[in-house]
1. So if I check each of T214, T188, which one is assigned to a strand (DSSP E or B) and either within 17 Å of the chain's Cα centre (by Cα) or β-branched (V, I, T) (or both)?
2. Can you name every residue in segment 221-237 that is within 15 Å of I168 (Cα to Cα) and touching a helix residue (DSSP H, G or I) at 6+ places or on another chain (Cβ under 7 Å)?
3. Can you tell me which of (1) among the basic types (K, R); (2) surrounded by fewer than 19 Cβ atoms within 10 Å (Cβ to Cβ); (3) over 28 Å from L85 (Cβ atoms) is the one K222 doesn't meet?
4. Please indicate, with yes or no, whether at least one residue in segment 243-252 is farther than 22 Å from I168 by Cβ, crowded, with 16+ Cβ neighbours inside 10 Å and in contact with a Leu (Cβ under 7 Å, 6 or more places away or on another chain).
5. Any residue at all in segment 57-75 that is farther than 26 Å from L144 by Cα, at pLDDT 95 or above and within 27 Å of the chain's Cα centre (by Cα)?
6. For segment 14-48, name all the residues that are farther than 25 Å from N195 by Cβ and aliphatic (A, V, I, L, M).
7. What residue, among those in segment 1-51 that are among the basic types (K, R) and part of a helix (DSSP H, G or I), is surrounded by the fewest Cβ atoms within 10 Å (Cβ to Cβ)?
Amino acid sequence: MYRIDTPKTDKQLEDYFHFRWEMLREPWNHPLGSEKDEYEQVGEHRMVVDGKGKIVAVGRVHLNMEEEAQIRHIAVAKDYQGKGLGKLIYSALEEVARQQGVKRLVTNSRRISIEFFEACGFVVEKEAPTEMGKLKRSQMIKKLSDVNQVMLHPKWCQELQNTWYETIPISEQMGIQLYQYSGKTLETRASLNKNINLHGTMFAGSIFSLATLTGWGMIHLKLKEKALSGEIVLGDGDIHYHKPITMQPRALCNIETLEGKFELLERNKKTAIKLQVDILDGESPVAEFKGVFWVLPNKAEE
């Protein structure tokens with residue numbers, strides 16, 4: 001069982017930097033202190049710890065400019081490599097960058113790390129200055145997709161996001177965001193770091209909440225498109241979990257899964273809408289939610 005932590009106390013920071021030195025500087029006979037640079041105070045630090053609190057992976061991200069951040073010092077303990085912890089720590093760092101409005105990530109990678117960063121979506125751009133005067137590096141970049149890259153009816157989407165945060169405050173604490181809406185598909189995402197359990201995976205309850213809000217949001221946007229209105233309530237929800245979420249929680253609702261008669265609302269009658277929400281961890285399907293939502297006509301104003 002693993003979890004992502006932010007080193008905060010003096011002891012945690014001491015252990016964090018010592019681990020970084022052991023992994024990235026000691027093998028090259030560089031002294032203690034060489035693992036630090038001028039960006040430590042402004043960077044965001046993350047570490048993965050095991051069930052006993054032992055640090056097994058670390059990494060840092062810092063802003064270079066308003067829309068660019070740099071990933072540095074990712075390291076995984078030798079005995080823990082091959083378990084996906086490198087991607088886990090990277091995912092946490094990318095999430096921090098996205099929350100700060102970053103549009104582009106850069107990293108200066110040694111040859112042995114290029115394959116890892118390519119798997120995370122980076123491409124080699126050019127040679128970078130050598131590290132510590134002798135280690136050749138390549139500058140790699142990753143352009144982060146704009147949250148509004150595919151956003152039909154952006155005003156309605158923003159209103160929906162605001163409604164979630166204002167009426168369901170826990171949705172903001174969970175880091176749930178409307179990621180894209182094409183008219184046919186609604187995608188939402190959540191912060192793994194804000195919903196992580198002691199096993200280093202996403203809480204089942206958080207997954208259910210993400211799925212429910214996604215289905216609710218799809219119906220809300222369809223009502224807007226049809227110039228209809230009504231109160232949307234969950235009547236029944238059933239979810240099947242297949243795999244844990246360890247990296248990037250995503251929820252997708254496709255219009256093809258919707259079943260119901262919206263026109264009943266025009267006659268001031270309630271209607272039931274059935275739909276399915278697929279839950280993914282990055283690109284891997286991990287769960288399916290099937291729900292029945294009731295749309296109740298608005299009460300006539302007196």
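1. None of the other options fit; the residue is T188.
2. Selection gives I232, L234.
3. (2)
4. Yes, segment 243-252 contains a residue that is farther than 22 Å from I168 by Cβ, crowded, with 16+ Cβ neighbours inside 10 Å and in contact with a Leu (Cβ under 7 Å, 6 or more places away or on another chain).
5. Taking every residue of segment 57-75 in turn, none turns out to be farther than 26 Å from L144 by Cα, at pLDDT 95 or above and within 27 Å of the chain's Cα centre (by Cα).
6. M23, L24, L32, V42
7. Applying the filter and picking the extreme gives K11.
Quick grid of which residues meet (1) surrounded by fewer than 15 Cβ atoms within 10 Å (Cβ to Cβ); (2) among the charged types (D, E, K, R); (3) modelled with pLDDT of 90 or more:
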residue	(1), (2), (3)
V124	yes, no, yes
T130	yes, no, no
D146	yes, yes, no
T167	yes, no, yes
I170	yes, no, no
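The values are calculated or read from the model by the stated rules, or taken from the named source; none is laboratory data. All values derive from a computational prediction rather than experimental measurement. With ideal geometry, Cβ positions are generated from the backbone for all residues, glycine too; neighbour counts draw on all protein chains shown.
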